[in-house]
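Undergrad: Pasting a structure here, questions to come.
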2 protein chains.
Amino acid sequence: MGPTVALAGGVGAARLLRGLVTIIPPEDLVIVGNTGDDIELYGLHISPDLDAVMYTLAGIVDEAKGWGVSGDTFHCLEMMDRLGFETWFKLGDQDLAIHIIRTKFLKNGMTLSQATAELCRMLGLKPKLLPMTDDPVRTKVLSDQLNLDFQEYFVRRGTRDEVTNVLFEGAEKAKPAPGVIDAIEKAERVVICPSNPVLSIAPMLAIPMVMDELRDTRAYIVGVSPIVGGKAIKGPADRVMASMGLEVSAYGVAKFYEDFLDHFIIDNVDEHQKRRIEKLEMKVSVTDTIMRNLEGSVRLARVVMAVK
Amino acid sequence: MGPTVALAGGVGAARLLRGLVTIIPPEDLVIVGNTGDDIELYGLHISPDLDAVMYTLAGIVDEAKGWGVSGDTFHCLEMMDRLGFETWFKLGDQDLAIHIIRTKFLKNGMTLSQATAELCRMLGLKPKLLPMTDDPVRTKVLSDQLNLDFQEYFVRRGTRDEVTNVLFEGAEKAKPAPGVIDAIEKAERVVICPSNPVLSIAPMLAIPMVMDELRDTRAYIVGVSPIVGGKAIKGPADRVMASMGLEVSAYGVAKFYEDFLDHFIIDNVDEHQKRRIEKLEMKVSVTDTIMRNLEGSVRLARVVMAVK
């Protein structure tokens with residue numbers, strides 16, 4: 001089988017990816033990660049989605065949360081609090097090492113792709129992890145009078161605001177990171193991970209060259225629904241889709257991706273939507289999509305790689 | 001009593017300073033700190049001597065070591081080690097918050113003085129702490145063929161090298177930080193803390209305007225010997241003085257400072273050197289100079305402020 005490209009957000013994506021790397025040669029996998037959630041805190045460059053993927057594939061992720069380092073402490077953050085800084089973004093002490101080093105690399109003139117490649121090498125990761133772009137793209141969440149940075153919406157305010165629109169500042173002019181377009185072009189299969197379509201996958205689709213290449217590539221593009229039984233498996237995807245006027249269902253996700261998707265994998269509980277989704281001119285497979293543990297991830301990854 | 005200025009290295013100085021601030025109004029104290037030991041690690045700007053003073057005066061210092069934050073952990077550093085970085089410089093997790101914020105301030109265009117003032121404000125410190133200069137001055141330790149950065153000599157190689165010379169790169173052209181000269185000029189008393197004369201006080205003396213002002217000021221300049229009974233209370237001062245051809249004694253320290261010192265405080269065990277030191281045209285007081293605890297610091301501080 002030829003190379004596989006996975007478009008990945010954070011936690012949900014990471015869980016599928018850990019399954020993928022156990023069933024295909026990891027060096028045949030190129031992961032394109034969302035950087036619209038990136039944030040600068042205390043002068044440090046933080047890439048939460050890239051980190052969730054790195055930590056998961058390095059086997060050091062906090063399994064319960066799906067992000068952060070297992071068993072991490074928060075002593076540096078406690079001192080930040082004492083100094084009078086806001087500490088709503090939970091940076092662990094081990095986690096901080098990654099942000100400090102990434103920031104140092106960027107300060108030394110590396111691109112985010114180069115810094116990410118070096119961090120992956122240091123963590124012993126075999127798949128290639130590419131940020132979607134080396135240019136700054138920032139996901140902004142609009143809610144009534146508020147214009148929130150993604151992490152303000154997501155972490156600081158706990159997704160409590162009703163989202164009226166989402167913007168990806170800088171995406172229109174952003175160039176895909178080196179290797180992204182080439183990987184999608186040459187891939188045998190492209191996997192759209194079960195991430196939040198509107199907040200985690202859409203930032204990548206907002207980069208014109210990425211969207212164009214997804215439409216053009218001869219790769220077989222397979223998506224997995226993050227909406228099961230009308231609810232998000234994790235996070236606010238259901239509420240955001242609703243408030244933006246999208247149908248909150250596997251069908252709604254398929255519709256969002258209809259321009260380029262060849263095959264959509266939905267959960268058993270959504271089998272009744274199969275026919276309707278097929279009318280969007282894509283194939284549909286029905287399976288258990290909930291990844292409770294590594295076996296669940298491997299089982300779903302096998303389906304993702306087998307469907308045709 | 002008018003303003004007091006203290007020239008301070010790290011641990012020994014900090015112990016005297018905590019005594020000084022309990023017997024004089026802290027806002028009447030200006031501390032000038034050594035920055036020749038500053039080091040950049042992982043892209044972070046670290047000022048070990050300023051930190052030892054800040055942590056001690058903030059009451060958060062690790063009392064046993066005299067530096068670092070009490071009860072600190074080293075989880076970030078463990079991740080640095082895992083990533084393949086050298087970790088001989090022991091940066092604690094709480095400690096890191098200070099370095100991260102200092103680095104952010106410098107990156108935002110603040111001078112080291114401004115960053116230090118802001119950190120002191122955040123930690124609730126009342127005395128003014130000024131770095132000796134905002135310009136880069138780096139203490140280099142020469143040993144045979146080796147040209148070592150101070151922290152390489154001091155921490156990494158554990159002061160095991162015989163020191164043949166010490167250089168203060170950049171000192172000749174460095175300008176004292178804003179306020180330093182003015183404070184020394186207007187001080188009623190200048191205190192040379194019991195720090196390593198050759199490695200911690202000499203970097204300040206190597207800045208021409210500082211040395212000139214010490215010679216010119218009408219302030220009464222009082223020093224405390226860091227050498228007691230021919231040995232350094234802490235650190236390698238005795239060995240460094242010996243290898244550089246200086247007499248390893250209270251007398252040797254007095255001689256090193258003879259250009260500007262008005263009064264030297266030596267330990268009871270060195271009373272026999274009193275007459276000899278007096279011949280250097282300075283007064284000499286003899287007392288117990290060992291600061292085992294806060295009471296010891298206060299006792300010595302009272303002597304420092306009383307002698308005339």
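The values are calculated or read from the model by the stated rules, or taken from the named source; none is laboratory data. Just so it is clear, the model here is predicted, and its values are computed rather than measured. Note: ideal-geometry Cβ built from the backbone for every residue, glycine included; neighbour counts use all protein chains shown.
Undergrad: Among the candidates A:27, A:40, A:63, single out the residue that is of a type outside the set (S, T, N, Q), in contact with a strand residue (DSSP E or B) (Cβ under 9 Å, 6 or more places away or on another chain) and not in a helix (DSSP H, G or I).
TA: Exactly one residue qualifies, and that residue is A:40.
Undergrad: Out of all the residues in the stretch B:236-251, is one or more of a type in the set (Phe, Trp, Tyr), buried (at least 19 other Cβ atoms within 10 Å of the Cβ) and within 30 Å of residue B:114 (Cα to Cα)?
TA: No, every residue in the stretch B:236-251 fails to be of a type in the set (Phe, Trp, Tyr), buried (at least 19 other Cβ atoms within 10 Å of the Cβ) and within 30 Å of residue B:114 (Cα to Cα).
Undergrad: Could I ask something else about it? Regarding residue A:31, is this residue buried (at least 24 other Cβ atoms within 10 Å of the Cβ) and in contact (Cβ under 8 Å) with a residue 60 or more places away in the chain?
TA: It is true that residue A:31 is buried (at least 24 other Cβ atoms within 10 Å of the Cβ) and in contact (Cβ under 8 Å) with a residue 60 or more places away in the chain.
Undergrad: Find the residue count for the stretch B:146-162, including only residues that are farther than 22 Å from residue B:68 by Cα and within 19 Å of the chain's Cα centre (by Cα).
TA: Going through the stretch B:146-162 one residue at a time, the tally reaches 0.
Undergrad: Looking only at residues in the stretch B:106-124 that are within 14 Å of chain A (Cβ to nearest Cβ) and under 17 Å from residue B:48 (Cα atoms), which one is surrounded by the fewest Cβ atoms within 10 Å (Cβ to Cβ)?
TA: B:118
Undergrad: Also, quick follow-up: Considering only the stretch B:69-95, state which residues are touching a residue at least 40 places away in the same chain (Cβ under 8 Å), farther than 24 Å from residue A:115 by Cα and more than 9 Å from every other protein chain (Cβ to nearest Cβ).
TA: Listed by number, the list holds a single entry, B:90.
Undergrad: Oh, and also: Please enumerate the residues belonging to the stretch B:256-274 that are touching a Leu at 6+ places or on another chain (Cβ under 7 Å) and crowded, with 18+ Cβ neighbours inside 10 Å.
TA: B:256, B:260
Undergrad: Which condition does residue B:55 not pass, out of (1) touching a helix residue (DSSP H, G or I) at 6+ places or on another chain (Cβ under 7 Å); (2) within 13 Å of chain A (Cβ to nearest Cβ); (3) not charged (D, E, K, R), if it passes all the others?
TA: The failed condition is (1).
Undergrad: Out of all the residues in the stretch B:39-62, which are buried (at least 21 other Cβ atoms within 10 Å of the Cβ) and either farther than 26 Å from residue A:100 by Cβ or in contact with a His (Cβ under 7 Å, 6 or more places away or on another chain) (or both)?
TA: Passing the criteria: B:44, B:46, B:57.
Undergrad: Quick one: in the stretch B:151-170, of everything that is surrounded by fewer than 19 Cβ atoms within 10 Å (Cβ to Cβ) and β-branched (Val, Ile, Thr), which residue is nearest to residue B:38 (Cα to Cα)?
TA: Out of the qualifying residues, it is B:155.
Undergrad: Among residues belonging to the stretch B:72-84 that are assigned to a loop (DSSP other than H, G, I, E, B) and in contact with a Gly (Cβ under 9 Å, 6 or more places away or on another chain), point out the one that is surrounded by the most Cβ atoms within 10 Å (Cβ to Cβ).
TA: Taking the candidates together, the pick is B:72.
Undergrad: Which condition number in (1) touching a residue at least 12 places away in the same chain (Cβ under 8 Å); (2) over 20 Å from residue A:76 (Cβ atoms); (3) of a type in the set (Gly, Ala, Ser); (4) surrounded by fewer than 16 Cβ atoms within 10 Å (Cβ to Cβ) is the one that residue B:66 fails?
TA: For residue B:66, the failing item is (4).
Undergrad: Restrict the check to the stretch B:146-164 and report whether at least one residue is at pLDDT 95 or above, over 20 Å from residue B:241 (Cβ atoms) and more than 14 Å from every other protein chain (Cβ to nearest Cβ).
TA: There is no residue in the stretch B:146-164 that is at pLDDT 95 or above, over 20 Å from residue B:241 (Cβ atoms) and more than 14 Å from every other protein chain (Cβ to nearest Cβ).
Undergrad: Just give me the residues in the stretch A:275-291 being buried (at least 17 other Cβ atoms within 10 Å of the Cβ) and part of a helix (DSSP H, G or I), in sequence order.
TA: The answer is A:277, and nothing else.
Undergrad: A further question on this structure: Out of all the residues in the stretch B:30-46, which are under 14 Å from residue B:113 (Cα atoms) and in contact with a Pro (Cβ under 7 Å, 6 or more places away or on another chain)?
TA: If the condition is that a residue be under 14 Å from residue B:113 (Cα atoms) and in contact with a Pro (Cβ under 7 Å, 6 or more places away or on another chain), then B:30, B:31, B:33, B:34, B:35 are the ones that fit.
Undergrad: Take the stretch A:113-145 and flag every residue that is in contact with a strand residue (DSSP E or B) (Cβ under 7 Å, 6 or more places away or on another chain) and either closer than 18 Å to residue A:168 by Cβ or among the aliphatic types (A, V, I, L, M) (or both).
TA: If the condition is that a residue be in contact with a strand residue (DSSP E or B) (Cβ under 7 Å, 6 or more places away or on another chain) and either closer than 18 Å to residue A:168 by Cβ or among the aliphatic types (A, V, I, L, M) (or both), then A:129, A:130, A:131, A:132, A:133, A:137, A:138, A:139, A:140, A:141, A:142 are the ones that fit.
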